[in-house]
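Chemist: Quick one: the structure is below, and I'll ask about it shortly.
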Amino acid sequence: MVIVFLIPSGQGLAADYTNPSFSAVCKESSARTYMAATDWKGKEDKNSWSKKGTASPEGWEFRYKGGNKIEIDGKDVPVVTQHEGVIVALSHGSSGVGSNAWLYAVHLGLKRVVASMVNGYGHADGKLSGILTTSIELTCDFSSN
């Protein structure tokens, strides 16, 4: 599976604007997940949206010290773009069985964060394979660094 993100011309991964440093401890206030999956035989197993969901019951931690990276739960994540009061970051990974990407939008004025994840896993034969997406709204306690 290949995930491609297009960035409009003139916008690179390093933004010209840098927001002030902050840290935030966040809790999930709502989440929804969609999943379509197959079992070991390739038979459809799931194809539905959850009514509620919990992606991370432990909470989330964000630290930003300026520049083009934000620390999320102890890991540096590239800032895709930002402007005054808003930071958008993207992380991605692959395990050989699945690939995923997380996109985060941090709004300093609203003191909220939204995060969305897409994931595809399995193999071309369609057995024990699936796709899923999760969207999460976080409420946060922000402090200046």
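Chemist: R0 = 22 Å: FRET efficiency of E58 with D16, Cβ-based, nearest 0.05?
Modeler: The computed FRET efficiency comes out at 0.05.
Chemist: Still on this structure, I have one more. What full-extension length gain, to one decimal in nm, is calculated for S23 and H83 as 0.36 nm per residue of separation minus the Cα-Cα distance?
Modeler: 19.9 nm
Chemist: Within segment 84-128, whose backbone N sits under 15 Å from a point 7 Å along Cα→Cβ of K43?
Modeler: What the label zone holds, given the 15 Å backbone N cut-off, is 127-128.
Chemist: Further, regarding this structure: Using the 2.2 N^0.38 Å rule of thumb for compact globular proteins, work out how segment 85-145 stacks up: its C-alpha Rg over that value, please.
Modeler: Dividing the Cα Rg of segment 85-145 by 2.2 N^0.38 Å gives 1.46.
Chemist: For segment 49-145, run through the GluC sites (Glu not before Pro) and keep only the ones in DSSP coil with at most 11 other Cβ atoms within 10 Å of their Cβ.
Modeler: E58, E84
Readers should treat all values here as calculations from the given coordinates under stated rules, not as data from a laboratory. Here the structure is a predicted model, which means the values were calculated and not measured. Counting neighbours? That spans all protein chains shown, and the Cβs are built from the backbone with ideal geometry, glycine included.
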